[in-house]
1. Using the beta-carbon distance between F471 and R412 and R0 = 25 Å, what value does 1/(1 + (r/R0)^6) give for FRET efficiency, to the nearest 0.05?
2. Of M324, M80, which has the most accessible area and how do the rest follow, probe 1.4 Å?
3. As an exercise, use a Förster radius of 22 Å and the Cβ-Cβ distance of A420 and V440 to find the FRET efficiency, rounded to the nearest 0.05.
4. With a 1.4 Å probe and all protein chains left in place, how much accessible area per residue does the stretch 318-470 have, in Å²?
5. What is the list of residues in the stretch 153-181 whose amide nitrogen lies under 19 Å from a point 7 angstrom out from the Cα of T264, following Cα to Cβ?
6. So what J values fall out for the stretch 171-183 if you push phi through Karplus, 6.51 cos²θ - 1.76 cosθ + 1.60 with θ = phi - 60°, rounded to Hz, Gly and Pro as x?
7. What chymotrypsin sites (Phe, Trp or Tyr not before Pro) in the stretch 80-143 are in a loop by DSSP, with at most 16 other Cβ atoms within 10 Å of the Cβ?
8. Between H310 and A188, what FRET efficiency comes out of the Förster formula 1/(1 + (r/R0)^6) with R0 = 22 Å and r the beta carbon distance, rounded to 0.05?
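The values are calculated or read from the model by the stated rules, or taken from the named source; none is laboratory data. Remember, predicted model here, so these are calculated numbers, not experimental data. FYI the Cβ positions are ideal-geometry reconstructions off the backbone, even for glycines, and counts take in every protein chain you see. Note: accessible area is taken over every heavy atom of the protein model, side chains too, but ligands, DNA and RNA are not part of it. Shrake-Rupley method; radii C 1.70, N 1.55, O 1.52, S 1.80 Å.
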Amino acid sequence: MFSSGSHLPTPSIHPLVPHRAPRVVSDLVSDHLERGLNPRHVQFIALGTAIGTGLFFGSSETIRAAGPAVLIAYLVAGAMVFIVMRALGEMAVRHPVAGSFAQYSGSFLGPFAGFITGWVFWLELAVVAVADMTAVATYMGLWFPDVPGWVWMVAAIAFIGCLNLMAVQVFGEMEFWFSLIKVLAIIALVIGGLALIVWGKEVGGTTPDFANLWSNGGFAPFGLWGIIMSLSVVVFSFGGIETLGMTAGEADDPDRSIARAVNTVPFRVLLFYVAALAVIMSIIPWSEVTGETSPFVEVFAALDIPAAEHIMNFVVLTAALSAMNAIFYACSRTMYGLAEQGHAPRSFLRLSRHGHIPVVPVLCMFVTGAVGIALYLTIEDRLFFYVAAIATFATVFTGLMILLAHWRMRARMAREGAAATSYAMPLFPVLNVIAIAFMVGVIVLLATTDSGRNAFYVGAGALVLLTAAYFGFVRGVGREPIVLPPHTVDQRSGDSSRV
């Protein structure tokens, strides 16, 4: 089903796979993505994927699950995400290809692993997109309570889908402005919140004070178990940050831009998650977070500033649209990369004449949106949290495969005596082991808790179906190993056919 024709050139035999002829990714297609994302775009795409619906909307659920101790959960999960991103960053700098970690898994772990990784990541983003659409409907409900939520979901899909059918520079520029709004809003929240805490002015019937972090039942009112239980949504908050690796095939200077973006992950975790939520829970006691809307909106509404609630609602709406924008981009490039490997229909390789955009994969996202709307009409009240749990499973599985692929890449480099990359993982392989143990632990958590068991079943079922699809439909080059040539200075401009 996903096989390719016999017209493909015959590449040289890879020394590590003596009995099968690998294929170079660039041998499979005659048309390629263009490098149109500059370092500014890549930086803010990284910011956009790290600041999304999981923070602005899902944080209320994590606060109610763990209390102020949820800050520990964000710190731990953020550290693990940084390790994953360092592993991905090293692979992306050495092999800047459009399919990112799906192709890395295919090269270093085998074609089956590449197939599974790519499609599980696509599933992760698809369900996150549904969560973002749900959030859009909730936010618009503040201004238009009588308009059905599915109307706003349709509008969001149409708007974001059309943006992604334009040149990649348009996507990068829109994501830059979307992300800039979010960043400025969070900085304003942190600075303004600190001012209120120092000032001590009553807000919403309570006095802002850092003591609110350990009052009302203590810092960890539900103990260690509360922190653990919050991880299912906390990890979801970071889901999609791997999108940064997808930009490698279209970045003007992947060496510098990707490394810089990955290095900002710890700063983003501390400022956008830990600092912002600490300020929120200092202004509004954690026990008073309702979960009916974003806690960010609740704080701004409590400030008694004219239109503050509406301003923040616009910001969180922008955050959801930004996340959808990045997801449409990442999903389409994932499907394009899978098609390059022979793991998806070759029609996914067709690019638009002017923008060099993979049109069919983008159009497929419209179908995904339609499925999300159908689910919204069926289980509106709990849809966000169901898809958040499913996305958590897919996120940790994807992170696990990235870490394993990176480990195999380093092992191959050692065997071949290859020079170290310009962006090597520190403390290898110790950090890999720690992060792998964390990912496995989250999967066990999902499998053994009432709130996560259904998500585990869906994720495990998806793996079974994907395994059957691989052995039932993938033929030809889709069963052959891949060679990813190392990155050279010549690849800082031009198209991805050089990789």
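1. Working from the Cβ atoms, E equals 0.45.
2. M80, M324
3. Result of the calculation: an efficiency of 0.20.
4. Accessible surface, normalised per residue, equals 39 Å².
5. The answer is 169-181.
6. 4, x, 5, 5, 5, 4, 6, 4, 5, 4, 4, 5, 4
7. none
8. 0.90
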